[in-house]
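These notes concern the structure reproduced below.
The values are calculated or read from the model by the stated rules, or taken from the named source; none is laboratory data. Predicted, not measured: the structure shown is a model, and the values here were computed from it. Glycine gets a Cβ as well: all are built from the backbone with ideal geometry, and neighbour counts include every protein chain shown. These accessible areas exclude ligands, DNA and RNA; they are computed on the full protein's heavy atoms, side chains included. Shrake-Rupley method; radii C 1.70, N 1.55, O 1.52, S 1.80 Å.
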Amino acid sequence: MPIPDFQSLMLPLLSLAKDGEPRALRDARKHLASAFSLTAEEMEELLPGGRQRRFDNRVAWAKVYLEQAGLLRSPKRGQLQITAEGLAFLAKNPSQITIAVLGQFEKFKAFRESSKSSKREQSAVVPALEIAETPEELLERSFQSINEELAGSLLEQVKACSPAYFESLVIELLLKMGYGRNRVEAGKAIGRSGDEGIDGIISEDRLGLEAIYIQAKRWAGTVGRPEIQKFVGALHGKRARKGVFITTGTFSSEARDYVSHIDPRVVLVDGAQLAGYMMEHNLGVSVKAAYEVKRIDADFFAEE
């Protein structure tokens, strides 16, 4: 079944703690995963940022909201325990717990009112009460959407460049990714061979122990297997072991299947990947704004 949203987890989490004993959060996650029949793949699913498991994040936020309402508390780091208020609430046999339901508790109201939200943000609270995503999920989804839009615009900008400038851009990107011994050598590599389907050569490392042959195609369409075969033939002619074929377009499935069964080793980089690498290494883009997501340092508040 799909991973339950954090509001759907709140009642099961509170019910799990009804025995009144402190319980480790990791044990609670295991119990909830079993109760919702989650698969191993669903348990390992990550947020878009790739740093935290989605299910873990949702359980953590369910716990946070229950604590802010005064229904749970954290006796120790990584633990949860039901409060008297939590027991009294469970005695009413609630059918569900949502952010709207938690609004009946004064502690939760105070928590909501103490947040430094603008009036515009406060007016948007009501329609946001039934959202399925945690704050981190919303933030990361928005971040991903911004990056996808930027990647599309960046790729269109690259496609508008001249073929010569595109070759220079590719070399600059490989330098930023750690390839090449120095910028002078890389500059000479552009158009160095000029034949047999090879646009440049760059060292794999600072010592120049291995050469990587480059083909850079500023294409709008799909690169098929014949073009890749020509490049591989050129590599064989140079007795080269490694090559990179970079395009602003896409590769056909036949082309990708072909390079997976050949020697030398050939890496295919399409337009979407190219834009992603450029953004990752700040080539052709600049930082507009930076945000930090912070959390409580429990060790700082630990008393001996």
Task: Residue-averaged 222 nm ellipticity for the chain, from DSSP H runs of 4+ at -39500 (n - 2.57), nearest 500 - done: -14000 deg cm²/dmol
- [ ] Would you give the gap between the C-alpha center of region 161-184 and the C-alpha center of region 1-56, rounded to a whole Å?
- [x] 46
Open item on the list: Using a Cα-Cα cut-off of under 29 Å, which lysines could be cross-linked to residue 109, ignoring same-chain neighbours fewer than 8 residues away?
Closed with: 18, 63, 76, 92, 119, 294
TODO: Return a whole-number percent for the relative contact order of the chain, with Cα pairs under 8 Å and 6 or more residues apart as the contact set.
DONE: 12
Task: Rg to Rh quotient for region 233-304, alpha carbon positions, Kirkwood Rh - done: 1.33
- [ ] Describe numerically, in nm with one decimal, the distance between label points set 7 Å from Cα along Cα→Cβ at residue 267 and at residue 35.
- [x] 4.6
- [ ] Could you pull out every whole DSSP H run in the chain that spans at least 30 Å of Cα extent along its own axis and averages -0.5 or higher on the Kyte-Doolittle scale?
- [x] 135-159
TODO: May I ask what percent, to the nearest 5, of DSSP beta bridges between residues of the chain are antiparallel?
DONE: 45
Task: Candidate values (1) 189; (2) 130; (3) 206, label of the one derived for volume of the Cα convex hull per residue in Å³ - done: (3)
Task: lysines whose Cα lies under 21 Å from that of residue 238, excluding same-chain neighbours fewer than 8 positions away - done: 188, 217, 230
Open item on the list: Once neighbouring chains are kept in place and the probe is 1.4 Å, which whole percent of the accessible area of the chain is contributed by carbon and sulfur?
Closed with: 51
Open item on the list: At 1.4 Å probe radius, can you tell me the per residue accessible area of the chain in Å²?
Closed with: 60
